[in-house]
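Everything on this sheet refers to the single structure shown next.
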Amino acid sequence: MAEFAVSVLLVISSTFLTADGVRISSLSVPGSVENGTSDSVVLDCIYEYSDEDQQLVVKWFFNQDTKPIYQWIPDLNKRSYSKSRFEGHINRHFEMTKDAYTKYRALNILRPTTEMTGTYSCSVTSLQGQDSRSADMVVYAKPRKFDLSFRRPVDSEETQFKCQVEGIFPEPQVLMYRVEQTQIAGNDYLNVDNMTQLNYSVQPNPAGPGQAQQRRATKDGYTTVLTTSLSNQHFKSHASARHLFFCVYTIPSTDIKQTRVLEFYPERYISNHAATEPTISISLLLMSLTSVYYHRSRA
């Protein structure tokens, strides 16, 4: 009786293992690629199969489109491609392995462009089962233009500051900071780069009252313009302070970050070549700015 129970258990276990069928063990998709810099990228769908997995079919999908951009049926030695944005961008001769049931499993995308940013899904099916996985890839473009400037309109009691990021993809996060160097300690003051004799009052300027943020998308990417105004009276009341303005953009899902710094001299109102680099440690100051913005956002 015991032997019969063991035999039944083995049969049941074997049935479950077989019923599971093909299984994707990993999906390899580049997280980010810079537009115009790569000849090709490889998206690999690594799966495990057995002799029981008959009529194997591999499909690749893009975003929510139900029609695959690529399909491979090993038993028929047949591959098909959709007429889409990927036409002319998929290497039809690429082989990932020499195995008859895995060699054409991967996508080799030629000259990836920003419009290929999105979610890629691999689906593998057989008569025994099915499995699928998805991953995102961002094809980003750095801006053609990144400026931080200011102007004081005639007869105006305000000075206008503008940060412009043009021709970037995908839509960036843009922040502007105003930093005033003073000798007064307080809750909103930071020590920077162990310069204990200098303290910096940091004020992140999110879009809101007194500040406007414009975003628009074109076929050449996004343009973001961030503007803010400060009364001239403010500068008069802080005449002894050193005024620094920072504009920082980041590209989501990448480690791309860039900064423009403008050192403003109210008594001079110099509009050209005003973006001089301060003597403080920019990298440490930016770390402090990011930390302050994060904590204030959570507050």
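The values are calculated or read from the model by the stated rules, or taken from the named source; none is laboratory data. Not measured: the values here are computed from a predicted model. When we count neighbours, we look across all protein chains shown, and the Cβ atoms used for this are built from the backbone with ideal geometry, even at glycine.
Determine whether Thr159 is surrounded by 17 or more Cβ atoms within 10 Å (Cβ to Cβ) and in contact (Cβ under 8 Å) with a residue 40 or more places away in the chain.
Working: surrounded by 17 or more Cβ atoms within 10 Å (Cβ to Cβ): yes; in contact (Cβ under 8 Å) with a residue 40 or more places away in the chain: yes.
Answer is yes for this residue.
Is it the case that segment 89-99 has a residue that's over 20 Å from Glu48 (Cα atoms) and either of a type in the set (Val, Ile, Thr) or in the same structural domain as Tyr222 (by TED's automatic domain parsing) (or both)?
yes
Name every residue in segment 65-95 that is more than 29 Å from the chain's Cα centre (by Cα), of a type outside the set (D, E, K, R) and in a loop (DSSP other than H, G, I, E, B), in order of residue number.
If the condition is that a residue be more than 29 Å from the chain's Cα centre (by Cα), of a type outside the set (D, E, K, R) and in a loop (DSSP other than H, G, I, E, B), then Asn77, His93 are the ones that fit.
For segment 127-136, check the following and say yes or no: at least one residue is at pLDDT 95 or above, more than 28 Å from the chain's Cα centre (by Cα) and crowded, with 16+ Cβ neighbours inside 10 Å.
For segment 127-136, residues at pLDDT 95 or above, more than 28 Å from the chain's Cα centre (by Cα) and crowded, with 16+ Cβ neighbours inside 10 Å: absent.
Hey, any hits in segment 109-126 for a residue that's assigned by TED's automatic domain parsing to the domain that holds Ser32, closer than 30 Å to Ile168 by Cβ, touching a Ser or Thr at 6+ places or on another chain (Cβ under 6 Å) and of a type in the set (Ser, Thr, Tyr)?
Yes, segment 109-126 contains a residue that is assigned by TED's automatic domain parsing to the domain that holds Ser32, closer than 30 Å to Ile168 by Cβ, touching a Ser or Thr at 6+ places or on another chain (Cβ under 6 Å) and of a type in the set (Ser, Thr, Tyr).
Give the residues of segment 162-180 that are surrounded by 20 or more Cβ atoms within 10 Å (Cβ to Cβ) and in a loop (DSSP other than H, G, I, E, B), sorted by residue number.
Pro172 - this is the single residue of segment 162-180 that is surrounded by 20 or more Cβ atoms within 10 Å (Cβ to Cβ) and in a loop (DSSP other than H, G, I, E, B).
Do we have Arg92 as surrounded by 13 or more Cβ atoms within 10 Å (Cβ to Cβ), more than 30 Å from Met176 (Cβ to Cβ) and not hydroxyl-bearing (Ser, Thr, Tyr) here?
Values: surrounded by 13 or more Cβ atoms within 10 Å (Cβ to Cβ): no; more than 30 Å from Met176 (Cβ to Cβ): yes; not hydroxyl-bearing (Ser, Thr, Tyr): yes.
Judged against the criteria, Arg92 is not a match.
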